[in-house]
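The values are calculated or read from the model by the stated rules, or taken from the named source; none is laboratory data. Note that this is a predicted model, so its numbers are computed, not measured. All Cβ positions, glycine included, derive from the backbone under ideal geometry; neighbour counts span all protein chains shown.
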Amino acid sequence: MKIALSWLKQYLDIDSGVQELSQLLTFAGIEVEGIEEIPALGKTVIAAEVVSAERVPKTDHLRLCMVNIGDMPYDEKDENNLIPVICGAPNCRAGIKAVLALPGTSLKDFKIKKAKIRGIVSHGMLCSEKELGISDSHGGIIELEPDVKIGTLADEIYGLPDVSFELEITPDRSDLLGYKGIARDLSAKLLLKTKEPAIPALPKPAGTLKIGLTNLEPKLCPRYTLRIIEGVKIAPSPQWLQNTLLKSGLRPINNVVDITNYVMFESGHPLHAFDYDKLATKEDNQSHPDIIVRLAEPKEEFIALDGKKYILDGDELLIADGKSPSALAGVMGGQGSSITDETVNIALESAAFEPGSVRKTSYKHKLSTDSSYRFERHLSAEYAVSISDRATALILEIAGGKLAGELLDSYPQPEEPVVLGVRPSRFELLIGYEMDESRMKDILASLNFSYVAKGGFEHGNRHGIDILPAQDERDAALYFKIPGFRKDVTREVDILEELSRLDGYDKVPQPEDRQEIMDRHAYKINNAASDWLVAHGAFETLNYSFVDPSRMRCLGYEDEPDFIRLINPQSANQSVMRTSLIPQLLTNLAYNLNHSERDIRLFELGRIYLKQDGSHKEPKRLAAVFTGSAGEMHFAKKAGEIDYYWVKGCFEGWLNQLGLNYGVSPAEHPYLTEGESFAYEIDGVELGYFGRVLPPVLEAWDIDVQILKQEVWVLEYNVENIAEISRKISRVYQDIPRYPAVMRDLSILVPLEVSYQKVRDYILETDRSLIQSVSPFDEYRSEQIPQGFRSLSLHIVLQDQEKTLTDERIDTLMVLVQKVLKEKLNVSMR
Amino acid sequence: MQDQLESLILEAEQEIEKCSAPNDILNVRAKYLGKKSVLNGLYGRMRELSKEERPAFGGLLNSARVKIEAFLESRSEAIKQAAWKKDSSGFDYTLPGVSLSRGGLHPLSIVRRQIDEVFMSMGFEIAEADEIEDEFHNFDALNTPKDHPSRNLADTFYVEGGKLLRTQTSTVQIRVMEKYKPPIKIISPGRCYRNDKPDPSHSPVFTQVEALVVDKGISMIDLQDTLQSFARIMFGTKVKSRIRPHFFPFTEPSAEMDISCVACDGQGCRVCKQSGWLEMGGAGMVDPAVFDTLGIDSEIYTGFAFGLGVERIAMLKYNIPDMRILFENDLRMLRQFRGEL
């Protein structure tokens, strides 16, 4: 629902700023979906009279208007206060009063300047509502009422500046579908009194017209009231009324229809006005027409206000006259009985309809109106008369006329009042803090819940039932009569929600700030490291934290590390805290080899214990040992042996997945072979290493490589450093390239001393934006290759993010690649 | 003429039958139906015939064309099918498939992850601290008397420099409470050490998970609730839990936690020594003296703590008879837990 601040202020004295008000509404549970500020137009936008409007020669729609701007100071007006303005609107004609924006005016979308059009200088622009920002209507220029004084500021006419809010009303809150309801909720939030519009006492009926009322469906129409007003004068509404409707997104039509809409927007309760003289009598010889509330006949036809014909099924509720349908109850009026300029006498309906029936009719005939929208959400029958009175008073004031006869009111079964209890103790239990009784009463009083009594708590409606004294404080309840417009409040818990909502959810005590104790990232990295090894076929081992100190020397270290020694070890071979995971893994390897296992992949994730500056530290590491087949044994598909490439792929694979950009250098561990063992780091921070274990080292574990005929490889991840370094890496989605990638192959002769990596880097550097990847698919060494060279074959993937690559572009690039390789690395084509 | 056509059809049929690739079909089609084919030539000779003879001759030519087309079509379809239909005669489908060679986690890690998950889903955080500890955090702060026997060399491993290997992960509670203010809701899984000779139910190195909750309004209800939830998630919804009075220096009241025997559903068996219950660990409400040492106001905050033995849970869950098996790292044991979640 769209509401204008100026209109809302008629019901509540708010002086809050726009943002503050938006916050208030949102935290009262009325979500603000949009705020539209309608700025002031300023002193150069005024009411002016079009004195003449001559067609500009050789154009089909432009007119040269002489516009009277009255006393408005303007240098270039003539002695009769006239200025020339070119206008293209179809409704532009001599004699109308319009809104003129003089040169220098800044409108929402553009600035008005003096402009030469077809050789004629135009001094400003005659504006439409849309151009002024007061509605979406762009049907033509504004035609003001004839009595508007020339020179009146548009801001004054339209009540600008103003602000409108687009509100989302939840389906349970029919009471918020009108300005008064919004004001009521805000009043409870701000503890302000709302302002009720003054309804003057209606005059005694002086007219003579009569009408009959029969309600055949009291279930579907719990209340129907009808009032006749005689001798009204249908005319455009006064400017203030038009303005309010415009700012709530309604189109002004005529005074009577506008008033029914105005009262609907004010109260949330729709009304309908019929042209009395178009209503048919039941019997031909009858002196007065009839209104009959009944169900449609199957196949009965109805022409609605929208001009469309609807064929009815028979379960639609109708408001019919003596002969045919005059309205689909609560949904839309009929064309035949609608208010027109000729209407003189009106019958004003204010009624309540059963929501399900309205919803069904609206859904079935795909007719959703401001009226059906509200009736579907269940409106109370209680207020039909006061709403009718409000509209009647406005009609008498604005459209004139007199009342004929007393109000007809079919209300066979008045709504039963609802009295509910609410326990302060329950508020504390459910909402979590105490609210004292007086605060409860204040909030609920703002919502028109009237206090009844205090007593022992019972569930359900206690209207007409004695309230007994409370047994104790926990049982004590305050009883309130629930206003009829709050159909959503039926239980204690509904009242508790109102109290909490309007006291503010910010009053619910915030939990104490909980510090983050856990290092979640490190936890995940450790698990991921283990999972990576498991995915590579390795089994996890767990070994004691203390080891045999002599085992470190077996790894090839000349001196034992500075161990943390146990004072009371159980045995000498468990007398120091381990400083590496490798010795025990080799023990596990030897154990399993001794138990006839040949293909062994083991890892351990655990702590090592190091002395440090008089104290110690216990970092975590993951280490693994591999030997044998790189896959499960299969009779048809032979898996390779674990070798350099397998271990390198395993080791680097995880780091690559984490997105780490590492540097590589030879690993310096005495138990690893040279040339096949490498350590990885980022900015000097170790990530780990992999390498082949020297056969003499293995002998210390009684593993004889001559007999085993398998290589033994190890890797180690410094999981703590990896956790630290990967902590900052965040993944950002990259658009998927829209243009195809192209692959080119390159076979080259590479000097033996030039590494693949060098070749790859030079190729990538040639054009980083186009060359996506380089990968080797063959390496070849033979006597046919010139001495001191080897042959490498590479796939090169090229892709442009912006367009499809042409052959010429690729060829040019490949020539450049060849040139670079030749010049920098002495690499030639094969 | 008719004979000539008959033999042409026969010839075409034989040649089509020999086709084995889509290209062969194209060639044969060109030969028999193409522009320079005999059949096409015969169409040209229609002009030489009288008006009366033409329809009959045309009919013959057309039917020959249709027949050859049909042979080509069926052969082409056969070639297509042969391309993907495998001859499955003699294929031994019982030979094993190629399996991805995945390894597996150690059963203790599996159980630890299960425990982590249970508690993390209940909003616990995981906290860790060093295993090499000082006496203050391992004993004093936990309200252990100076002359308590657990401080003996026979019970506790000491290292050079006056430190010791922690005997329980309760040390982490102390370290966390020193550093962080309540509310605290942590578990601390990790290694502990006691000077026990390895035997079926003891190991000098073992794994504990301790839970600690400190907040306003924490009572024994919360302890019971957490314990019950844990037992049900770990061992199934039929499992019952109970606490019974016990003594620990750092909790007051103190309790031992039992769960109904998972082997016999509490009926009484060898595993539970006929009692129907299995001991899971110690528990209790944090002793105010512990809070006082750490400067936490024990009038405002209360808390509970309990400790579980991971080895014991793993042994119960997987029916492992001897704790030493868990530290042998024999692949024949490890492989049994491949794929366990």
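Give the residues of the stretch A:443-464 that are in a loop (DSSP other than H, G, I, E, B), farther than 11 Å from A:Ile482 by Cβ and of a type in the set (Phe, Trp, Tyr), sorted by residue number.
A:Phe457
Starting from residues that are more than 23 Å from B:Thr171 (Cα to Cα) and touching a Gly at 6+ places or on another chain (Cβ under 8 Å), keep the ones in the stretch B:285-341 and report whichever is nearest to the other protein chains (Cβ to nearest Cβ).
Step by step, filter the stretch B:285-341, then rank; the result is B:Leu334.
Considering every residue within the stretch A:690-709, establish whether at least one is within 14 Å of chain B (Cβ to nearest Cβ), touching a strand residue (DSSP E or B) at 6+ places or on another chain (Cβ under 9 Å) and in a loop (DSSP other than H, G, I, E, B).
no
Identify the single condition in (1) part of a helix (DSSP H, G or I); (2) within 14 Å of chain B (Cβ to nearest Cβ); (3) free of Cβ contacts under 8 Å to residues at least 12 places away in the same chain; (4) not small (Gly, Ala, Ser) that A:His521 does not satisfy, given that it satisfies every other one.
The one condition A:His521 does not meet is (3).
Yes/no per residue for (1) in contact (Cβ under 8 Å) with a residue 60 or more places away in the chain; (2) in contact with a Ser or Thr (Cβ under 9 Å, 6 or more places away or on another chain); (3) away from chain A (no Cβ under 14 Å); (4) surrounded by 15 or more Cβ atoms within 10 Å (Cβ to Cβ):
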position: B:Asp147; (1), (2), (3), (4): no, no, yes, no
position: B:Thr171; (1), (2), (3), (4): no, yes, no, yes
position: B:Lys185; (1), (2), (3), (4): yes, no, no, yes
position: B:Ile233; (1), (2), (3), (4): yes, yes, yes, yes
position: B:Thr237; (1), (2), (3), (4): no, no, yes, no
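Here is a check on your reading of the model: is A:Asp147 within 27 Å of A:Pro39 (Cα to Cα) and at pLDDT below 90? Steps first, please.
Details: within 27 Å of A:Pro39 (Cα to Cα): yes; at pLDDT below 90: yes.
Spelling it out, A:Asp147 is indeed within 27 Å of A:Pro39 (Cα to Cα) and at pLDDT below 90.
Just wondering, is there one or more residues in the stretch A:466-479 that are assigned to a loop (DSSP other than H, G, I, E, B) and within 12 Å of chain B (Cβ to nearest Cβ)?
Quick first cut of the stretch A:466-479, residues assigned to a loop (DSSP other than H, G, I, E, B) only: A:466-472.
After this cut, where a residue has to be within 12 Å of chain B (Cβ to nearest Cβ) as well, the list is none.
Within the stretch A:466-479, none of the residues are assigned to a loop (DSSP other than H, G, I, E, B) and within 12 Å of chain B (Cβ to nearest Cβ).
Just a yes or no: is a residue in the stretch A:797-820 touching a helix residue (DSSP H, G or I) at 6+ places or on another chain (Cβ under 7 Å), under 26 Å from A:Tyr662 (Cα atoms) and exposed (fewer than 14 other Cβ atoms within 10 Å of the Cβ)?
No: the stretch A:797-820 contains no residue that is touching a helix residue (DSSP H, G or I) at 6+ places or on another chain (Cβ under 7 Å), under 26 Å from A:Tyr662 (Cα atoms) and exposed (fewer than 14 other Cβ atoms within 10 Å of the Cβ).
Quickly run through the stretch B:189-213 and pick out the residues that are within 27 Å of B:Val290 (Cα to Cα), more than 10 Å from chain A (Cβ to nearest Cβ) and either in contact with a Leu (Cβ under 7 Å, 6 or more places away or on another chain) or in a strand (DSSP E or B) (or both).
B:Pro189, B:Cys192, B:Phe206, B:Gln208, B:Val209, B:Glu210, B:Ala211, B:Leu212, B:Val213
List the number of the failed condition for A:His595; all other conditions in (1) in contact (Cβ under 8 Å) with a residue 24 or more places away in the chain; (2) within 14 Å of chain B (Cβ to nearest Cβ) hold.
Going through the list (1) in contact (Cβ under 8 Å) with a residue 24 or more places away in the chain; (2) within 14 Å of chain B (Cβ to nearest Cβ), A:His595 breaks only (1).
Could you tell me which of the residues A:Glu376, A:Glu434 is in contact with a helix residue (DSSP H, G or I) (Cβ under 6 Å, 6 or more places away or on another chain) and over 20 Å from A:Arg486 (Cβ atoms)?
Details: A:Glu376 fails: over 20 Å from A:Arg486 (Cβ atoms).
Exactly one residue qualifies, and that residue is A:Glu434.
Provide a single number: the residues in the stretch B:95-131 that are small (Gly, Ala, Ser) and in a strand (DSSP E or B).
Matching residues across the stretch B:95-131 total 1.
From the list A:Leu542, A:Leu581, A:Leu555, which residue is away from every other protein chain (no Cβ under 11 Å), closer than 24 Å to B:His202 by Cα and not hydroxyl-bearing (Ser, Thr, Tyr)?
None of the others qualify; the one that does is A:Leu581.
Give me the residue from the stretch A:65-76 that is touching a residue at least 12 places away in the same chain (Cβ under 8 Å) and either in a loop (DSSP other than H, G, I, E, B) or among the hydroxyl-bearing types (Ser, Thr, Tyr) (or both) and, out of that set, surrounded by the fewest Cβ atoms within 10 Å (Cβ to Cβ).
A:Asp71
Out of the residues in the stretch B:1-55 that are surrounded by 15 or more Cβ atoms within 10 Å (Cβ to Cβ) and not aliphatic (A, V, I, L, M), which is nearest to B:Lys67 (Cα to Cα)?
B:Glu13
Hey, can you tell me all the residues within the stretch B:156-172 that are more than 21 Å from B:Thr251 (Cα to Cα) and not β-branched (Val, Ile, Thr)?
B:Phe157, B:Tyr158, B:Glu160, B:Gly161, B:Gly162, B:Lys163, B:Leu164, B:Leu165
Only one residue in A:Ala590, A:Ala623, A:Ala529 is in contact with a helix residue (DSSP H, G or I) (Cβ under 9 Å, 6 or more places away or on another chain) and either more than 26 Å from B:Gly103 (Cα to Cα) or assigned to a strand (DSSP E or B) (or both). Which one? Even if it seems obvious, please write down each step before you answer.
Values: A:Ala590 fails: either more than 26 Å from B:Gly103 (Cα to Cα) or assigned to a strand (DSSP E or B) (or both); A:Ala529 fails: either more than 26 Å from B:Gly103 (Cα to Cα) or assigned to a strand (DSSP E or B) (or both).
Result: A:Ala623 is the single residue among A:Ala590, A:Ala623, A:Ala529 that is in contact with a helix residue (DSSP H, G or I) (Cβ under 9 Å, 6 or more places away or on another chain) and either more than 26 Å from B:Gly103 (Cα to Cα) or assigned to a strand (DSSP E or B) (or both).
State which residue is farthest from A:Thr766 (Cα to Cα) when the search covers only the stretch A:782-805 and only residues that are more than 43 Å from the chain's Cα centre (by Cα) and among the β-branched types (Val, Ile, Thr).
Among residues in the stretch A:782-805 that are more than 43 Å from the chain's Cα centre (by Cα) and among the β-branched types (Val, Ile, Thr), the one farthest from A:Thr766 (Cα to Cα) is A:Ile785.
For the stretch A:494-506, indicate whether the set of residues that are within 58 Å of the chain's Cα centre (by Cα), touching a residue at least 12 places away in the same chain (Cβ under 8 Å), exposed (fewer than 14 other Cβ atoms within 10 Å of the Cβ) and within 14 Å of another protein chain (Cβ to nearest Cβ) is non-empty.
The answer is no, given that none of the residues of the stretch A:494-506 is within 58 Å of the chain's Cα centre (by Cα), touching a residue at least 12 places away in the same chain (Cβ under 8 Å), exposed (fewer than 14 other Cβ atoms within 10 Å of the Cβ) and within 14 Å of another protein chain (Cβ to nearest Cβ).
Is one or more of the residues making up the stretch A:89-102 over 47 Å from the mean Cα position of the chain (by Cα) and closer than 15 Å to A:Ile150 by Cβ?
yes
I'd like the residue in the stretch A:23-39 that is assigned to a strand (DSSP E or B) and not acidic (Asp, Glu) and, out of all such residues, is surrounded by the fewest Cβ atoms within 10 Å (Cβ to Cβ).
Our first condition is that a residue be assigned to a strand (DSSP E or B); within the stretch A:23-39, this holds for A:31-38.
Pick out the ones that are also not acidic (Asp, Glu) and you get A:32, A:34-35, A:38.
Values: A:Val32: 18, A:Gly34: 11, A:Ile35: 14, A:Ile38: 22.
Among them, the one singled out is A:Gly34.
Can you tell me which of B:Ala83, B:Ala30 is of a type in the set (A, V, I, L, M, F, W, C), more than 47 Å from the chain's Cα centre (by Cα) and farther than 30 Å from A:Phe626 by Cβ?
B:Ala30
Identify all residues within the stretch A:605-649 that are within 9 Å of another protein chain (Cβ to nearest Cβ), surrounded by fewer than 16 Cβ atoms within 10 Å (Cβ to Cβ) and not aliphatic (A, V, I, L, M); write none if there are none.
Those that are within 9 Å of another protein chain (Cβ to nearest Cβ), surrounded by fewer than 16 Cβ atoms within 10 Å (Cβ to Cβ) and not aliphatic (A, V, I, L, M): A:Gly614, A:Ser615, A:Lys617, A:His634, A:Phe635, A:Lys637.
Can you name the number of the only condition in (1) in contact (Cβ under 8 Å) with a residue 12 or more places away in the chain; (2) more than 14 Å from chain A (Cβ to nearest Cβ); (3) of a type outside the set (A, V, I, L, M, F, W, C); (4) part of a strand (DSSP E or B) that B:Pro245 fails?
Only one criterion is unmet by B:Pro245, namely (1).
Scan A:Ala535, A:Ala590 and give me the residue that is at the interface with chain B (Cβ under 8 Å from one of its Cβ atoms), modelled with pLDDT of 95 or more and out of contact with any Leu (no Cβ under 8 Å at 6 or more places or on another chain).
Values: A:Ala590 fails: at the interface with chain B (Cβ under 8 Å from one of its Cβ atoms).
None of the other options fit; the residue is A:Ala535.
Quick test of your reading of the structure: B:Asp140 fulfils all but one of (1) more than 10 Å from every other protein chain (Cβ to nearest Cβ); (2) surrounded by 16 or more Cβ atoms within 10 Å (Cβ to Cβ); (3) farther than 20 Å from B:Thr226 by Cα. Name the failing condition by number.
(2)
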